[in-house]
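Structure record follows, encoded as structure tokens.
The values are calculated or read from the model by the stated rules, or taken from the named source; none is laboratory data. Bear in mind that the values here come from a model prediction, so they are computed numbers and not experimental data. All Cβ positions, even for glycine, are placed from backbone atoms using ideal geometry, and neighbour counts span all protein chains on display.
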Amino acid sequence: MKRVVVGLSGGVDSSVAAYLLKEQGYEVIGLFMKNWHDDSVVISRECEWVEDSNDAMMVAEKLGIPFQTVDLSAEYKERIVDYMFGEYERGRTPNPDVLCNREIKFDVFLKIALSLGADYVATGHYCRKDVISKDGKDIYRLLSGADRNKDQSYFLCQLSQEQLSRTLFPVGELTKPEVRAIAAREELVTAEKKDSQGLCFVGKVRLPEFLQQKLKPKEGVIVEVPVSAEQYDRAVPQFVSAEEELAYYARKPHYTPGDGKVVGKHQGAHYFTKGQRKGLNVGGTAEPLFVIDTDVDENIIYTGQGKDHPGLFRKALFITEDEIHWIREDMALAVGQSMDVMARIRYRQPLQKAGLHKVSKGMYVVFDEPQSAITEGQFAAWYDGDELIGSGVIS
């Protein structure tokens, strides 16, 4: 009987994951991760870890499986929260959920599970895994969830072969309504519970207040850049090499205050991210203002009117060598090689046609269609059909 430790989060997905594994004959242990102590930045009581922990415990009791809580808040602070603060300080926008999976659930948590004699860990993620044989070696494939509306493979884009080999995704073949129906049938307390919307395992957090703990408010100006700015009207130069052309399309425009007019004030450029519309508090424009760039050194936010503003769009992005990650290491590109893929630059974005181009210092991802709000610090993930094969941090 193989032993599986399930990360019971107090939500319906992990509850049903535990139920399914028990039905399949595994020896199941439920483990709740406590990752946060500071309630001062959590805005709603609906997400508090105490309530989640109680729900997880009641599910374990109902299923007749052992249950315990592990406190990973020190590791979470060091690996996720401090990293987030550092990234925002640099003017980048991190993705804590991707990091939480790589650093906490499938690293610290996995090691705890293995120390308990587990063969696998399991989570309630909507994705699938299978194994193929290549050159006499097992290769694990991370596949999109059967429920296209809930597919969470993107959040696991930084996992390794070693991590995947030890992981099970019991709800990956199901749709969300099917999962809720199973929970209701088995009278699990989480059957009707709303999905959490907060930071991974922290709860519903007010991000500016969260950031203000470390990044002090600092007044700066909001500059509106018109569609007619010269950055958007330059002729495409002649390129001496393919790499020079790639770099040209991946480069973001450089703005100075003289490129537009001051339309308002803000309390810190590091609280804002590309593509953001809320929180600017600037009225009187024909169309809503969107953030097109932030300059944390000069503490200036550059904005443009409307979701079609040219400052929002770019055709390519670059990932530095040390930030490229291949789940399928056997498919990794060598310098000079290219590959056609489907890619996304954020969760829930429909997959986009793109090409990967490997160069000596990293890799370019070039999209068939220009993409809105390509944001440094976020993860680009690329797929071959249903399979997520690699990812990297947008530089």
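Below are the figures for this structure:
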| read-out | value |
| --- | --- |
| Selected residue (criterion: nearest to the chain's Cα centre (by Cα)) from residues of the range 83-95 that are in a loop (DSSP other than H, G, I, E, B) and buried (at least 20 other Cβ atoms within 10 Å of the Cβ) | N95 |
| Every residue from the range 230-274 that is of a type in the set (G, A, S) and buried (at least 18 other Cβ atoms within 10 Å of the Cβ) | A250, G260, G268, A269 |
| Strands (runs of 3 or more DSSP E) wholly inside the range 96-153 containing at least 2 residues that are within 15 Å of S391 (Cβ to Cβ) and either at pLDDT 95 or above or assigned by TED's automatic domain parsing to the domain that holds V12 (or both) | 137-144 |
| Residue satisfying all of: in the range 284-339; in contact with a Lys or Arg (Cβ under 7 Å, 6 or more places away or on another chain), β-branched (V, I, T) and within 30 Å of R141 (Cβ to Cβ); surrounded by the most Cβ atoms within 10 Å (Cβ to Cβ) among these | T320 |
| Positions within the range 145-161 being more than 19 Å from I394 (Cα to Cα) and either buried (at least 19 other Cβ atoms within 10 Å of the Cβ) or not small (G, A, S) (or both), in sequence order | G145, D147, R148, N149, K150, D151, Q152, Q161 |
| Wholly enclosed strands (runs of 3 or more DSSP E) of the range 280-366 bearing at least 1 residues touching a residue at least 60 places away in the same chain (Cβ under 8 Å) and either assigned by TED's automatic domain parsing to the domain that holds G268 or more than 30 Å from K134 (Cα to Cα) (or both) | 289-295, 300-305, 313-320 |
| Number of the exception - E209 against (1) at pLDDT below 95; (2) surrounded by fewer than 19 Cβ atoms within 10 Å (Cβ to Cβ); (3) part of a loop (DSSP other than H, G, I, E, B) | (3) |
| Residue list for the range 48-79, restricted to those being in contact with a Ser or Thr (Cβ under 7 Å, 6 or more places away or on another chain) and of a type outside the set (S, T, Y) | D52, D55, A56, V59 |
| Scan of the range 166-192 for residues that are assigned to a helix (DSSP H, G or I) and either buried (at least 16 other Cβ atoms within 10 Å of the Cβ) or within 27 Å of the chain's Cα centre (by Cα) (or both), ordered by number | K176, P177, E178, V179, R180, I182, A183 |
| Residue in the range 238-259 that is without any contact (Cβ under 8 Å) to a residue 24 or more places away in the chain and aromatic (F, W, Y) present | yes |
